[in-house]
1. When a/c reaches 1.5 or more, the comparison of a/b and b/c decides; with that in mind, is the chain rounded, prolate or oblate per its Cα gyration tensor?
2. Once a ≥ b ≥ c are taken as the square roots of the eigenvalues of the Cα gyration tensor of the range 65-176, is the result rounded (a/c under 1.5), prolate (a/b larger than b/c) or oblate (a/b not larger than b/c)?
3. Given only helices, namely DSSP H runs of n ≥ 4 each adding -39500 (n - 2.57), what is the per-residue ellipticity at 222 nm of the chain, to the nearest 500 deg cm²/dmol?
4. Taking amide H atoms as placed 1.01 Å from N in the peptide plane, list the residues 5 or more away in sequence, or in a different chain, whose amide H sits under 5 Å from that of residue 289.
5. Counting other Cβ atoms within 10 Å of each Cβ, which GluC sites (Glu not before Pro) in the range 331-364 have at most 15 and sit in a DSSP loop?
6. For the range 315-366, what does the alpha-carbon gyration tensor say about shape, rounded, prolate or oblate, given a ≥ b ≥ c as the root eigenvalues, a/c under 1.5 as rounded, and a/b over b/c as prolate?
7. Within straight cross-link reach of residue 139, meaning Cα distance under 22 Å, which lysines are found once same-chain residues fewer than 8 apart are removed?
8. What is the local net charge at residue 392, summed over the other residues whose Cβ is closer than 12 Å to its Cβ (Lys, Arg +1; Asp, Glu -1)?
Amino acid sequence: MHHLLGRLARVGTIAFAAVLVVTMGPLVTPSVAADLAIGIGADVTAIDPHYHNVTPNNNVAAHIFDYLVLRDERQRTIPGLAESWRTIDPVTWEFKLRRGVKFHDGSDFTAADVVASIERVPMVPNSPSPFTAYTKQIKEMIVVDPLTIRFRTATPYPLMPSDMTQVAMISKSAAKATTEDFNSGKAAIGTGPYKLVHYAKGDRIELARFDGYWGGKTPWEKVTLRLLPSDAPRVAALLAGDVQAIENVPTSDAAHLRTDKRVSLYRTVADRLIYLHMDSERDLSPFVTDREGKPLSKNPLKDPRVRKAISKAINRPALAERVMEGEAVPTGQLLPEGFFGYAKNLKAEPYDPEGAKKLLTEAGYPNGFGLTIHSPNNRYVNDAKVAQAVAQMLTRVGIATRVEAMPSATFFPQATEFKFSFVLVGWSSGTGEASSPLKALIATPSGRRCSNVRPSSRSTIRRSCRCIIR
């Protein structure tokens, strides 16, 4: 169960959602191989592990492929395909690879496969969210021997082991493979506990146990991941026995499911941050208007007083307790308590609607303005409901806000192309510490996820990522 359920449960900040995973009845006895069906809540856009850095894809990739470094249930680094790692000098990391690891096709895993994997990451065409944040610091790779590889960086870089938890290792034979080659199964040759049998986008993914897995056989002989994006059918499938586990448990069903003796519910605070991204870069933004819906001559989101007012207008505790029904934690930072990089003195913005109105007046918007918040309606738990609640809170302080919620397959391509002005999205720190959201959400140059960040702030983040304490 570790590999399926364990791995599966893997700005204006609002809250951290709790991970809720439900299983139905006894799943397996140790002496009998079993099939397992899991209901997943979000579609997987590709099997190619380097194509799209998004949680549903990464969850599935972790069953088929593997990583030099893994993480335990508390996000602490542990050996994966690399048994150990160390710094040779301030700009050189050495990784010792695990002996005897086999790919699904029977070939040996060696340092040459590591080189092929790292080199492929920036070469994947049309990637909507690449993995280059975890590889671009590598300036040179040196194969010492088949089981030893060294990474050289331009400056000291202490986060290399954390970054290596995010880059899937593929066979060197698939270095030139296309994303479609992976989706068809032709290139989906990994070292993970399961082999890809069939990928039907928008429907299901079928996996078969890899008996040659270096970590030992898993209990499940066959696993089917069924896409069930709507909450009610996903819960119904569980209770009917059509699937034995589901993720993204609806908060409205959690209390009832806890009373069902056939069901086991697992709950923990996740590193999934739900946040609001606003267009603070462009002089004119497509979904920012006056209160009558007419275009404005300038974009109010560029004014830090307006952004502060928006933060003050949001009642985070109410979102956590009412909309999320107690299954979320209000926050004012990028990681939950217990993770490396969490700051105890950094509190969530207090709810202060009068303070928000005052700031809007100071910024030259005493009567507010118009705004549209765009949100997926099937990606995060209660995503559209949270967006509706935020819209109501902003409207109360004078920012007349409407909501356009849509399926994630429609939302994300448009959001990636900056078609919106104000969006509700999420981020999970796959590295288990603060560098992931700092680099991706705060320090990313304009034209990607964030904008209007002071160059001095980006410089501070870069310096902190180079600090090695010996």
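None of the figures in this text is laboratory data; all of them are computed from the coordinates on show. All values reported here derive from a predicted model rather than from experimental measurement. Here the Cβ positions follow ideal geometry from the backbone for every residue, glycine too, while neighbour counts run over all protein chains shown.
1. Oblate.
2. rounded
3. -6000 deg cm²/dmol
4. 370, 371
5. Here the GluC sites (Glu not before Pro) that fit, given the DSSP loop and packing criteria, are 337.
6. Oblate, since a/c reaches 1.5 and b/c is not below a/b.
7. Reachable lysines: 96, 172, 176, 439.
8. +4
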